[in-house]
């Protein structure tokens, strides 16, 4: 009998492979249960409830947390997304252009805005630009500022996503369109981009989720009461009441949006796996 | 032969160091059906793609319907409207249904109005026998059906010349017949056709002329009976014997003068 035979054959002594597997899994569950029990035992539940779950403070947040804060969060995010999508599309097409300078400008843009913290761009757009160019007025005041800042940040990511989507459309599609007499631009608009968008819908939705969270950076721009979004709203109320309940409620409002979006993304991903021809 | 519909003069094409076409001269008359045959890597697909400028020739001239398409100032989009192209991989637009595949190019390129485009689309779908699939999406069709839709899409543009790049090579054998039947009908209707194919039966029955290519040159051309029935050149005989009876082929040494296998 050779050595390999003895390894493949179940050993007669000690634990069998099946028993070992069971033991290892049992140990992992035991650690988990112990960790939960330790947390439950050590936490001061009364204090936690007092800090995070004050019903009367939570009540006092309504309806403004929805009608003002959540509404503004959605407004900021969607307007930033629209600006970012338009700019990202432009940059993606520049990146794929046969004209050298277009490619360079697009490449530099992507490297800069992907490499900078979003907060820095918010301060630059919200504070730097108005000081440097006093004549420039953002349309829509704070809303315009936020749309531009979020747009600048997300455009860099979206440009790369859109470029990948365009390149993922089979080469034969462009050839077929060109042989039917489409000009390169028309083929791009009518044939390639619609297909690219089907491919990149899941990553674009992910980008939307990220933007929801980045919209909280409005906090640093100095906004009026009516312009507050979830984070600022929660933070303000948390300081006036000296209690964390508003933070918890604001957080739940974010999840109200981002969790269903994440679900939609997963649905789209499994759909597009099936739809591959 | 009346005025040639397609005229190729001293055509050369290189991909880097790979000299794929080495001086091709070819004329195809109005209403003529020419089949181009040859081993893979012989440059036959590249030649076809040069005729509608999907590949830019390195040297030489191509005329289609009297227009020199290799002229740098030519409106290539206008020229391509007169040339229908059918691909090995069909290349239907997967995001559009069958009718939209036919109407969108008509409306965007030829600026036909909606009703006219729909009418011409329906006519051409009937021509390839797929009227009942008008609302289907390409992914739900068989390969043979997709290829017939692709032919209908090209025909809806009203081309004067049709180019076929191995139209049946990606099909399951039992689906080949439907596509060939459509092509045969097109030939009898008087369409000028240039067909790159491995279907010898089709070439024999339908072609007015067969062109055998190897190593980037035309080795011999003539009537199907002559080229396929009694080839004059050893290379043609060798190719045909391997094609017609692949089970009997011997294992061969690769020779260095073979052109690269970069054919798409």
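A short reminder: the numbers here are calculations on the coordinates, not readings from a lab. Please read all numbers here as calculations on a predicted model, not as lab measurements. Don't worry about glycine lacking a Cβ; one is built from the backbone with ideal geometry, like all the others, and counts go over all protein chains shown.
The order of B:69, B:76, going from fewest to most other C-beta atoms within 10 Å of their C-beta, is B:76, B:69. For segment A:1-159, what does the alpha-carbon gyration tensor say about shape, rounded, prolate or oblate, given a ≥ b ≥ c as the root eigenvalues, a/c under 1.5 as rounded, and a/b over b/c as prolate? Cα axes put segment A:1-159 in the oblate bin. Taking the longest Cα principal axis of chain B as reference, the axis of helix B:114-127 is set at about 50 degrees. Rounded to two decimals, the Cα radius of gyration of segment A:135-192 over 2.2 N^0.38 Å is 1.70. Here the label points at residue B:132 and residue A:133, each 7 Å from Cα along the C-beta direction, are separated by 6.3 nm in the simple model.
Sort segment B:130-212 into rounded, prolate or oblate with this rule: let a ≥ b ≥ c be the square roots of the eigenvalues of the Cα gyration tensor; rounded if a/c is under 1.5, and if a/c is not under 1.5, prolate when a/b is larger than b/c, oblate otherwise. Before the final figure, lay out each step's value.
On the way: a/c = 2.16, a/b = 1.39, b/c = 1.56.
Oblate is the answer for segment B:130-212, as a/c is 1.5 or above yet b/c matches or exceeds a/b.
Note on A:66, B:37, B:28: ascending count of other Cβ atoms within 10 Å places them as A:66, B:28, B:37, the fewest first. Here segment A:253-268 and segment B:112-162 have alpha carbon centers that stand 41 Å from each other. Residues A:189, B:227, ranked from the fewest to the most other C-beta atoms within 10 Å, line up as A:189, B:227.
Set the Förster radius R0 to 41 Å, insert the Cβ-Cβ distance between residue A:270 and residue B:238 as r into 1/(1 + (r/R0)^6), and round the FRET efficiency to 0.05. Walk me through the intermediate numbers first.
Working: r = 51 Å, r/R0 = 1.26.
Given R0 = 41 Å and the Cβ-Cβ separation, E is 0.20.
Counting every alpha-carbon pair across chain B, the share separated by more than 22 Å comes to 57%. Computed from Cα atoms alone, the Kirkwood hydrodynamic radius reported for the protein assembly as shown is 29.0 Å.
Please give the average number of partner chain Cβ atoms lying within 10 Å of the Cβ of each residue in A:265-271, rounded to a whole number.
Working: counts 0, 0, 0, 0, 0, 0, 0.
Partner Cβ neighbours, averaged per residue: 0.
Here segment A:28-115 is treated as a Stokes sphere of Kirkwood radius computed over C-alpha pairs; at 4 °C and 1.567 mPa s its diffusion coefficient rounds to 70 µm²/s. Among B:222, B:43, B:84, the residue with the largest mean-square fluctuation in a Gaussian network model of chain B, with springs joining Cα atoms closer than 10 Å, is B:222.
Modelled label positions at residue B:9 and residue B:251, each set 7 Å beyond Cα in the direction of Cβ, lie 4.9 nm from each other. Given the options A:147, A:155, A:41, which has the most mean-square fluctuation in a GNM of chain A, springs set between C-alpha atoms less than 10 angstrom apart? So, out of A:147, A:155, A:41, the one fluctuating most is A:41. With both labels modelled 7 Å from their Cα along Cα-to-Cβ, the residue B:68 to residue B:139 distance reads 4.7 nm. What is the distance in Å between the Cα centroid of segment A:36-80 and that of segment A:137-158? With segment A:36-80 and segment A:137-158 each reduced to a Cα centre, they are spaced 27 Å.
Which number comes out as Rg/Rh for segment B:93-159 once both Rg and the Kirkwood Rh are worked out on C-alpha atoms?
Working: Rg = 10.6 Å, Rh = 11.4 Å.
Ratio of gyration radius to Kirkwood radius: 0.93.
Can you give me the Rg/Rh ratio for segment A:60-276, using Cα atoms for both radii and the Kirkwood formula for Rh? It would help to have the intermediate numbers written out before the result.
Values: Rg = 20.0 Å, Rh = 19.1 Å.
So for segment A:60-276, dividing Rg by the Kirkwood Rh gives 1.05.
Of A:61, A:94, A:174, the residue with the greatest mean-square motion in the GNM of chain A, using alpha carbon springs below 10 Å, is A:174.
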